[in-house]
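Student: Structure in structure tokens, see below.
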Amino acid sequence: MTTSHQTLHATKVWVVGRTVYVALNDGREVGFPADRFKRLRDASDDALRVVELRAAGTALRWDALDEDLTVRGILEGRFQLPWTSAA
């Protein structure tokens, strides 16, 4: 199914370990390392897990961290920090 970024929205968000996952209304599930964003990188595991969908599923919100991410930005790869892998 082809869906434009403008009509995509998240139907669910969850965290496993240090990875944030988003289920999209087109059936896809995407995940990204929390370490790609400064506030998420510095958050405790407990604080990272307290995330909710906002703005009709177009945004992710961490109230305790004062952090908001858009689904569109995630899908377009607009991350604050570069990918680093453990050697």
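What follows is calculated from the coordinates using simple rules that are stated; it is not laboratory data. Because the structure is predicted, anything quoted here is derived from the model rather than measured. Cβ: placed from backbone, ideal geometry, glycine included. Neighbour counts: every protein chain shown.
Student: Test of understanding: what is the full-extension gain from Thr58 to Asp45, defined as 0.36 nm times their sequence separation minus their Cα-Cα distance? Walk me through the numbers before you get to the answer.
Tutor: Values: separation 13, 0.36 × 13 = 4.68 nm, distance 2.34 nm.
Difference between extended and current length: 2.3 nm.
Student: Using only DSSP helix segments of four residues or longer, with each worth -39500 (n - 2.57), what per-residue ellipticity at 222 nm results for the chain after dividing by its residue count and rounding to 500? Write out the running numbers ahead of the final one.
Tutor: Details: 3 runs with 15 residues, N = 87.
Counting only the DSSP helices, I get -3500 deg cm²/dmol.
Student: Related question: In debye to the nearest 20, how big a dipole does the chain give about its Cα centre with +1 on each Lys and Arg Cβ and -1 on each Asp and Glu Cβ? Display every interim value, and only then the final one.
Tutor: Numbers: 12 positive and 12 negative charges, 37 e Å.
The dipole of the chain has a size of about 180 debye.
Student: So, in Å, what gap is there between the alpha-carbon centers of region 40-67 and region 14-30?
Tutor: Region 40-67 and region 14-30 have Cα centres separated by 13 Å.
Student: Here's another thing I want to ask about it. Take the Cβ-Cβ distance between Arg78 and Lys12 as r, set R0 to 22 Å, and report the resulting FRET efficiency rounded to the nearest 0.05. Before the final figure, lay out each step's value.
Tutor: Values: r = 21 Å, r/R0 = 0.96.
Step by step, r from the Cβ atoms, then E = 0.55.
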